[in-house]
Amino acid sequence: MTTDVTDLHEEFGGERLPPGQRETERFPVLSKSGTPGWNPATWEFEVWGAVDEPLSYTYDEFTDLPAETQVQDFHCVTGWSKFDCEFAGVTFPELAGRAGVDDDAVHVMFHALDGYTTNLPLDDCTREEVLFVYEYDGDPLPEDHGGPLRVVTPHKYAYKGAKWVTGVEFLTEAERGYWEKRGYSNTANPWQEERYS
Ligand SMILES: Nc1nc2c(c(=O)[nH]1)N[C@H]1C(S)=C(S)[C@@H](COP(=O)(O)O)O[C@H]1N2
Ligand SMILES: [Mo]
């Protein structure tokens with residue numbers, strides 16, 4: 001079953017194409033420092049911080065979790081949007097439920113293989129469309145786009161979605177990630193054009 005979440009913009013009172021964006025058919029690659037490469041024998045995905053049960057998965061274990069396929073739009077802060085991306089993976093709420101999030105957790109930091117980090121308030125993460133993605137258009141997620149595993153955040157500019165994600169840290173206080181420390185918006189709502197801070 002595939003869920004179409006491309007009507008998400010209605011929640012934000014905006015058009016499907018957010019202001020100042022241009023639709024592209026291509027799927028450009030944007031990375032701060034190239035594709036890091038991963039080793040399937042040693043790759044691990046971990047959940048830690050303010051949780052009852054820290055979690056750790058190999059690639060095979062992760063891809064055995066209950067998964068779903070969604071059609072989503074993708075908005076890059078540099079001005080392009082790609083409609084109708086088919087992503088398959090595990091939802092944030094599914095994973096958070098397995099870890100048991102502590103009552104005092106308010107914020108989340110995503111960690112990635114290339115040293116990238118990005119942050120979001122917990123409320124912005126506990127949404128079905130925040131997905132840990134390992135398939136794109138029915139194929140394994142290409143490494144340039146964050147394979148083996150990346151996050152997508154269709155309600156935010158795409159820098160909130162860590163490619164090559166290896167960990168999720170639940171925090172009791174807000175912190176800023178890589179681009180959030182370097183001038184990009186902490187809130188990143190495309191329909192309010194929250195590009196810079
Ligand atoms: N680990 C990691 N994740 C990242 C980045 C990065 O440099 N490293 N770049 C971000 C930015 S700025 C964007 S626009 C999207 C780009 O995703 P794409 O290359 O699949 O288009 O990934 C985001 N996630
Ligand atoms: Mo970006």
Discussion item. For the list (1) surrounded by fewer than 21 Cβ atoms within 10 Å (Cβ to Cβ); (2) under 17 Å from Leu65 (Cβ atoms), I need the number of the one condition that Asp137 fails.
Written reply: (2)
Discussion item. Among the numbered criteria (1) within 19 Å of Ser56 (Cα to Cα); (2) more than 11 Å from the chain's Cα centre (by Cα), which one does His107 miss?
Written reply: (1)
Fill in: Selection from segment 50-84 of residues that are without any contact (Cβ under 8 Å) to a residue 24 or more places away in the chain and charged (D, E, K, R)
Asp60, Glu61, Asp64
Discussion item. Just to check your reading of the model, which residue among Phe170, Phe110 is within 16 Å of ligand 2 (Cβ to nearest atom), touching a residue at least 40 places away in the same chain (Cβ under 8 Å) and buried (at least 21 other Cβ atoms within 10 Å of the Cβ)?
Written reply: Phe110
Response to the item:
Exactly one of Val47, Val29 is in contact with a strand residue (DSSP E or B) (Cβ under 8 Å, 6 or more places away or on another chain), surrounded by 12 or more Cβ atoms within 10 Å (Cβ to Cβ) and touching a residue at least 60 places away in the same chain (Cβ under 8 Å), and that one is Val47
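Per-residue answers, yes or no, for (1) of a type outside the set (Asp, Glu); (2) touching a residue at least 40 places away in the same chain (Cβ under 8 Å); (3) surrounded by 19 or more Cβ atoms within 10 Å (Cβ to Cβ):
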{"site": "Glu86", "(1), (2), (3)": "no, yes, no"}
{"site": "Ala99", "(1), (2), (3)": "yes, yes, yes"}
{"site": "Asp103", "(1), (2), (3)": "no, no, no"}
{"site": "Tyr116", "(1), (2), (3)": "yes, yes, yes"}
{"site": "Phe132", "(1), (2), (3)": "yes, yes, yes"}
{"site": "Asp144", "(1), (2), (3)": "no, yes, no"}
{"site": "Trp164", "(1), (2), (3)": "yes, yes, yes"}
{"site": "Ala174", "(1), (2), (3)": "yes, yes, no"}
{"site": "Gly183", "(1), (2), (3)": "yes, no, no"}
Item to complete: Look at segment 146-158 and say how many of its residues are within 12 Å of ligand 2 (Cβ to nearest atom) and either within 8 Å of the chain's Cα centre (by Cα) or surrounded by fewer than 24 Cβ atoms within 10 Å (Cβ to Cβ) (or both).
Response: 3
Fill in: Filter result for the condition that a residue is within 14 Å of ligand 2 (Cβ to nearest atom) and among the aliphatic types (A, V, I, L, M), over Ala105, Ala162, Ala88, Ala96
Ala162
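All of the numbers you see were taken from the coordinates with simple rules; none came from a lab. Everything numeric in this text was worked out from a predicted model, so none of it was measured. In this analysis, Cβ positions are derived from the backbone assuming ideal geometry, glycine residues included, and neighbour counts consider all displayed protein chains.
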